[in-house]
Amino acid sequence: MIRPLDVATSFAASVLRLGAGMGVGTVGPRPERPLELYDFEGCPYCRKVREALSVLDLDVLVRPCPKGGPRFRPEVTRRGGKEQFPFLIDPNGGVELYESDEIIRYLFATYGDGRVPLGLGLWLVADVTSMLASAARFGSGVRYRKAKEPRAPLELWSFEASPFCRIAREALCELELPYLLHNVAAGSPKREAFVRRAGKMQVPYLVDPNTGAKMFESADIIAYLEETYAA
Ligand SMILES: N[C@@H](CCC(=O)N[C@@H](CS)C(=O)NCC(=O)O)C(=O)O
């Protein structure tokens, strides 16, 4: 997709979800170990879960499962019994869940104040607007593109409602590159540490421990991922 259309449709996707995943809400206890999510960017149900993770300021190890992806899809079937996304693992409680609404209820009960925000709780409205958001992206972040496997997961600082972060996450997804997602939505207490580390408050910010690369700018991130991992 040409860059202006890419940015405009990603912006439209955030607007269609009324900015869900833009800011942090009331947070509760913090997990000791990061949660693990099998999802794909173009999946409307997965989006709702990622929005919840942004609102709850939770980091998560993302194992992308684009259609046709050879690596993580079989893992989901092995662990959970079926190829359905999202699939969340919480290693802290030994919890493994399918079904976006169940995952969202679990997350707010365990790591929030128990109350699911209206934008995520109104199931028909949330599902329909999330489907429209996926449609606005014309299939980005849905299908696997052949790629090399990184030795270690990459790291991305991001939040769900950011149009530029979405563009970077879609590339990671299509290339089936696992990454530790640091959610730093507005109001995140993690922002201060991030600025100390990265030098300024701007996302997406990618760190690749396999090569030592570190960068801002979604266009640069996409170009880097293509050059380094696309096969
Ligand atoms: N009710 C489920 C629906 C999940 C669902 O239909 N996910 C689709 C992707 S959007 C899926 O897993 N499709 C199988 C595939 O992609 O192979 C939920 O809310 O989590």
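Only the coordinates and a few stated rules stand behind these numbers; no lab work does. Being a predicted model, the structure only gives us computed values, none of them experimental. Because the Cβ atoms are built from the backbone with ideal geometry, glycine has one as well, and the counts that use them run over all protein chains shown.
Key figures
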| read-out | value |
| --- | --- |
| The chain: Cys lacking any partner C-beta under 4.7 angstrom | Cys65, Cys165, Cys173 |
| Amide H partners (placed H, <5 Å) of Lys67, local residues excluded | Arg143, Tyr144 |
| Residue exposure sequence - Leu181, Leu120 - by fewest surrounding Cβ within 10 Å | Leu120, Leu181 |
| ³J(HN,Hα) computed for each position of the stretch 6-23 - Karplus, 6.51 cos²θ - 1.76 cosθ + 1.60, integer Hz, glycine/proline x | 4, 5, 5, 6, 5, 4, 4, 4, 5, 5, 4, 8, 6, x, 4, x, 8, x |
| Relative contact order [Cα under 8 Å, 6+ residues apart], the chain, whole percent | 27 |
| Hull shadow area, averaged, the chain [alpha-carbon convex hull, nm²] | 11.4 |
| Where Cα atoms sit under 16 Å apart: lysine pairs in the chain separated by 8 or more or lying on different chains | 4 |
| Sequence of Thr211, Thr110 once ranked by neighbouring C-beta atoms within 10 Å, starting from the fewest | Thr211, Thr110 |
| Within the stretch 174-231, trypsin sites (Lys or Arg not before Pro) in DSSP loop having at most 11 other beta-carbon neighbours inside 10 Å | Lys200 |
| Enclosed volume per residue, in Å³, of the convex hull spanned by Cα atoms of the stretch 161-218 | 87 |
| Ascending count of other beta-carbon atoms within 10 Å, so fewest first, for Val7, Val116 | Val7, Val116 |
| Percent of C-alpha pairs per 10 Å bin, the stretch 96-231, short to long | 11, 35, 35, 19, 1 |
| Translational D in µm²/s for the stretch 22-78 (Stokes-Einstein at 25 °C, 0.890 mPa s, Kirkwood Rh from C-alpha pairs) | 196 |
| Whole-Hz ³J(HN,Hα) from phi, Karplus 6.51 cos²θ - 1.76 cosθ + 1.60, for the stretch 95-107, glycine and proline x | 9, 10, 9, 9, 6, 3, 5, 5, 4, 4, 4, 4, 5 |
| Sparse-neighbourhood loop sites, chymotrypsin sites (Phe, Trp or Tyr not before Pro) in the stretch 107-216 - DSSP loop, at most 16 other Cβ within 10 angstrom | Phe138 |
| Förster-model FRET efficiency, 30 Å R0, Arg145 and Gln202, C-beta, rounded to 0.05 | 0.65 |
